[in-house]
Structures are given as C-alpha cells and as structure tokens.
Amino acid sequence: MAIEMRNKRDTQFSMASMSDLVFLLLIFFMLTSTLVAPNAIKLLLPNSNSKTMATQTVTVYINKARNIYVEERRVEASNLENVIYSAIRNDDAASVVLRSDKTATVQDIVVVIDAVNSINDKNGTKHKVILATKPKGR
C-alpha cells in the first residue's frame, strides 16, 4: 500500500513573470542610455569659472573646421536662422546653448548670436544664447 501525500508539488514553471522582468529591464536601460548619451560632436570647450546652468532647448555646435551643427544636423550659415527658428518657435523664452570649440573664430560665434537676435527682432521673443564652457581644472 502506497502512502500518498496530501499536498502535491507542481513541477511546472511559469515564464510570464520572467518575461515581464526582462521587458522592465529593457525599458529601464533604454531610458537611462538616452539620458546619458554624450555629445555627438567632440569639442574642446573654453575654460571658465562661471557655474550658470540653464535649461537648454536647442544646442548649436561649432567645431574646429568651422562647421555649424544644430543638434546633430549640419547647417550652412545662410540657413542657420531658419533651422534654429523651427526648433524654438513654440517657446518664447527658449535658450540656445552654443557649444563652440575653443579654436573657433569669434565671427562664427557672432553668426549664431546674430541669427538668434534676428529671430527675437522678427517675432518679439526673448530667446537667449548661452556659451557652454568647461570648468577650470578639467
């Protein structure tokens, strides 16, 4: 006569909870990797003691070769105003962060500032241009 146990053990394994966990981890890593993305254009920023931080709406890059990029898209100086305006037209007080290589000429920086000032004059807005710098000692 065989003795039977009252509680039988279930030997099956449910993969539903494991797949939920994998999807949650995937979403977490996708979100954190987009927040930590480094600047796509390598620049040697000028040094500064200033610690002013501002929310940035659009970023303009000027590299060593005097190429101008709005976000990661290369733009000619003649079309710069239109491209910047299309990026900031929905915000009356947007800030444009200018990340310029330290070897870039002042004229290139002035071209970007003039484009933003022209947008302000035409539309009555108060967009700002902020020159990004690297803290001393880094």
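Pick from Leu35, Leu45, Leu98: which is touching a strand residue (DSSP E or B) at 6+ places or on another chain (Cβ under 8 Å) and modelled with pLDDT under 75? Going through Leu35, Leu45, Leu98 in turn, just one is touching a strand residue (DSSP E or B) at 6+ places or on another chain (Cβ under 8 Å) and modelled with pLDDT under 75: Leu45. For region 90-137, a residue qualifies if it is part of a loop (DSSP other than H, G, I, E, B) and either without any contact (Cβ under 8 Å) to a residue 12 or more places away in the chain or within 15 Å of Tyr69 (Cβ to Cβ) (or both), and the qualifying residues are Asn90, Asp101, Ala104, Gly124, Ala132, Gly137.
Note on region 58-90: among residues that are closer than 18 Å to Gly124 by Cα and surrounded by fewer than 16 Cβ atoms within 10 Å (Cβ to Cβ), the one that is farthest from the chain's Cα centre (by Cα) is Asn82.
The values are calculated or read from the model by the stated rules, or taken from the named source; none is laboratory data. Source: prediction; values computed, not measured. Backbone-built Cβ (ideal geometry, glycine too); neighbour counts: all protein chains shown.
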